[in-house]
Amino acid sequence: MHMCAYCWMSGVEANYNDGDVMQLSWSYRGSIVNSYFSNTYRHGGGGTTDGDVFIIYFTSAMLVQNNIPNR
């Protein structure tokens, strides 16, 4: 979600992502709910992030709830 207001994601299953499942930047009042994220891994040298949900750059008022992160 980049530069998004009032956007939502629900009921998504993400598996074997290369890096972050979701990256939120410059966003406002969105939601990520009821989803399942598994086997997230950065497949390269020197990666700085490999989390499930990465919130950056002035993102605010986001609802992230009832998700299952499984490594």
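Derivation of every value follows stated rules applied to the coordinates shown; laboratory data play no part. Computed from a predicted structure; not experimentally measured. Note that we place each Cβ from the backbone using ideal geometry, even for glycine, and neighbour counts take in every protein chain shown.
At an R0 of 25 angstrom, the distance between the Cβ atoms of residue 3 and residue 34 translates into a FRET efficiency of 0.55.
Under 5 Å between amide hydrogens, built in the peptide plane, is the criterion, and for residue 32 it picks out 9, 63, 64, 65 among residues at least 5 positions away or on other chains.
Cβ crowding within 10 Å, taken as a proxy for footprinting-reagent exposure, orders 63, 24 from fewest neighbours to most as 63, 24.
Skipping prolines and chain starts, which residues have an amide H placed within reach, meaning under 5 Å, of the one on residue 59, given they are 5 or more residues away or on another chain? For residue 59, whose amide H was placed from the backbone, the distant partners under 5 Å are 26, 27.
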